[in-house]
Ligand code: GDP
């Protein structure tokens with residue numbers, strides 16, 4: 001069993017599709033270990049995405065991620081990290097495969113509906129960021 005960190009981003013929460021995304025999470029065989037509605041402060045979004053500090057889109061990304069509520073979820077299943085990335089689809093919704101969450105619900109490369117950890121070390125760090133226990 002493996003764990004990963006998922007976020008239902010503010011664009012999805014504003015569109016009232018938390019339920020649709022959680023339906024998909026459950027249908028794909030993930031167990032929700034922990035889950036919480038959060039409104040990230042700008043400083044928290046900056047820290048969470050610190051790896052992108054030098055990118056031209058960093059300020060916009062921080063503003064977006066702190067613009068409203070998100071849902072953070074600790075997910076568990078076999079091969080959870082890779083599997084959740086597959087269910088999300090590519091970063092840019094226009095390039096994401098049909099049926100993936102980002103293709104279905106993403107608006108732009110920034111407002112792309114959901115987040116998922118990309119590797120074991122980042123998953124551990126991101127889980128620790130939101131779920132202190
Ligand atoms: P992810 O692992 O697929 O989420 O992609 P990255 O780690 O590369 O980027 C993190 C987040 O930054 C993405 O999910 C988007 O919300 C945002 N992002 C990535 N690339 C761009 C970009 O070129 N422009 C803008 N505005 N946002 C981006």
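Return the residues of segment 89-105 that are free of Cβ contacts under 8 Å to residues at least 60 places away in the same chain, within 12 Å of the chain's Cα centre (by Cα) and either outside any loop (DSSP other than H, G, I, E, B) or over 21 Å from residue 31 (Cα atoms) (or both); say none if nothing qualifies.
Correct list: 91, 102.
Restricting to segment 1-31, name every residue that is within 13 Å of the ligand (Cβ to nearest atom) and either in a strand (DSSP E or B) or over 14 Å from the mean Cα position of the chain (by Cα) (or both).
If the condition is that a residue be within 13 Å of the ligand (Cβ to nearest atom) and either in a strand (DSSP E or B) or over 14 Å from the mean Cα position of the chain (by Cα) (or both), then 4, 5, 6, 7, 8 are the ones that fit.
I'd like the full set of residues that are within 11 Å of the ligand (Cβ to nearest atom), loosely packed, with under 13 Cβ neighbours inside 10 Å and under 29 Å from residue 1 (Cβ atoms), limited to segment 32-68.
Of everything in segment 32-68, just one residue is within 11 Å of the ligand (Cβ to nearest atom), loosely packed, with under 13 Cβ neighbours inside 10 Å and under 29 Å from residue 1 (Cβ atoms), namely 51.
Looking at segment 82-113 only, could you name the residues that are touching a strand residue (DSSP E or B) at 6+ places or on another chain (Cβ under 6 Å) and buried (at least 20 other Cβ atoms within 10 Å of the Cβ)?
Correct list: 84, 88, 101.
Determine whether segment 68-75 contains at least one residue that is within 15 Å of the chain's Cα centre (by Cα) and either part of a helix (DSSP H, G or I) or farther than 24 Å from residue 124 by Cβ (or both).
yes
Search segment 106-122 for residues being in a loop (DSSP other than H, G, I, E, B) and touching a helix residue (DSSP H, G or I) at 6+ places or on another chain (Cβ under 7 Å), and hand back the single one that is nearest to the ligand (Cβ to nearest atom).
Only one residue fits best here, namely 110.
Take residue 25 and decide whether it is at pLDDT 95 or above and touching a strand residue (DSSP E or B) at 6+ places or on another chain (Cβ under 6 Å).
no
Need pairs with beta-carbon distance below 6 Å; first residue under 19 Å from residue 13 (Cα atoms) and within segment 67-88, second away from the ligand (no atom under 13 Å from the Cβ) and assigned to a loop (DSSP other than H, G, I, E, B); sequence gap 6+ or separate chains.
If the second residue must be away from the ligand (no atom under 13 Å from the Cβ) and assigned to a loop (DSSP other than H, G, I, E, B), the pairs left are 74/131; 75/30; 87/28.
The values are calculated or read from the model by the stated rules, or taken from the named source; none is laboratory data. Quantities reported herein were computed from a predicted structural model and do not represent experimental measurements. Here Cβ is always computed from backbone atoms with ideal geometry, including for glycine, and neighbour counts include all displayed protein chains.
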